[in-house]
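A short worksheet on the structure shown next.
Only the coordinates and a few stated rules stand behind these numbers; no lab work does. Since the structure is predicted, the reported quantities are computational estimates derived from the model, not experimental observations. Don't worry about glycine lacking a Cβ; one is built from the backbone with ideal geometry, like all the others, and counts go over all protein chains shown.
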Amino acid sequence: MPKNIYSIVEITDSHVKLVQARVGSNQSVITWCDARPLQDTSDEELQKYLSELLVSRNIQEDCLQVIIPRRLCIAKQLDLPSQDPREIQQMVDIQLVSQIPYALEEVVYKYQVLEQTSAGQSKVMIVIVHRELIDKYLQMFKKSGIRVADLTYSSLGLSRWWNYQRQKDSLLEDTPVLLLNIDYSGSEIAFCFKGQVWFSRNIDAGFKQLANENWFEFENQIQLSMAAYNKAKMGPEIKQIKVISASSESEKLCAYLKEKFRLPVTVLASTAHLQFEKKADLMAVEQDGISVAVSAGLSRGEMSSVFNLVPKEIGQQKYLKARRVEIIKLLLLALVLCGIGLAFDGVDIILKSQTLARIQKRAELVKPRLKELQKKKVFLDALKLQQATRIDMPGFLVVMQGLVGKDISLRSLSVDSQRNLVIMGYAESDTAVNMFQSRMVQSKLLSDVNLQFATKRRIYNMELTDFKITAKIKNK
């Protein structure tokens, strides 16, 4: 099976569902959708159905997601006084010790930050599952010859299904919504907003109650859910209700709930806006009372990551196993290449010996020419060095003439072999000396310009300033 075929297995009280989808860069197309009813819920019966499904569809383990029903999970929302990921992790550990009936080592849990406030608070959703249940799921799939890559809970599938619906239908508003997913043996209520689950719970009312027009059971469970949600201030006020069902009775339920809750209530089929392959087997879709919203929501090719409940140690074992396989492959490849190399070693040595002999012969022929070129290079390097250190005195004096102002008189100008320049003279004022020094500093020809002294003296009725300036003439 191609690597881009993702498989999602959902196990409920009444059915084992399998959805497969071919995932591309921009879309997901469902290629298979099946729901097999369980005659009983024993482990043996479940193992039998899983084996039949998984073997017949040739599922790849790195593309397999398994869904745990909401009723088998504990989901808690906490308000924590921090936004630092490390501190949040520590606070979650401390809170769970007192808020769940198990020791931390007996459970696997994952959390997600729902929102953060300007006051430094974080609202966190935590999903907890007993380790024995996870081991049971993993062992069932292992006996069927496949390892689970991703194990998550059903509410995540519902939220992703709703996100997909809003992407496909611009008329669906991104406001806090209560999703009522009606399945064959029960239903799930999920409060969603901004692409995340803020609260969820499982209820016993399902397709049977819907078919018998037992509206009160749905009303009562929604009322209880809203009361718990609002009392704990878990999130923003619910603005709409979406009933997920393809049953003809669902429209009547919507009218009933709309009257009771005074909110917009509409129906969406679990297959709404989904893309199916023309040759896809849609056995589950054709069964009345079956919802594939959860499985379809996870068929977008995105592993849950944040709520992947596969224990870390198992993930590490899978990583080490994959690494061992890669190392073995590399070793086998190295052995094959080594064998090929040895087979050609004899021919390769002869060819290399012949090539080396030709190179040595040509090297002897070019040795005299190489010595001659080396002598010329030494001469040219010396000439280049002499040119670089030589001072073009006529040009230099022209530059200096431009730097000397009309109120400056020079007594002497000397340059030594190290390109050190010494200028002595006098000026009619201190300002003239300073201006002369400033022009020398700005000159691209000079560096390290320093005024050694500037001394005033009087001649008759005139005041003169004797000065000495040193500088360095730059190389070309």
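Structure data summary
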| item | result |
| --- | --- |
| The chain - charge dipole about Cα centre, Lys and Arg +1 at Cβ, Asp and Glu -1, debye rounded to 20 | 3920 debye |
| Cα-based shape type of region 393-473, given that a ≥ b ≥ c are square roots of the gyration tensor eigenvalues and the cut on a/c is 1.5 | prolate |
| The chain: calculated mean residue ellipticity at 222 nm from DSSP helix runs of at least 4, using -39500 (n - 2.57) | -14000 deg cm²/dmol |
| For region 30-171, the Rg and Dmax computed from alpha carbons only, in angstrom | 18.4, 54 |
| Translational diffusion of region 1-86, µm² s⁻¹ [Kirkwood Rh, Cα pairs; Stokes-Einstein; 10 °C; 1.306 mPa s] | 104 µm²/s |
| For the chain: span of alpha carbons on each principal axis (Å, largest first) | 127, 84, 47 |
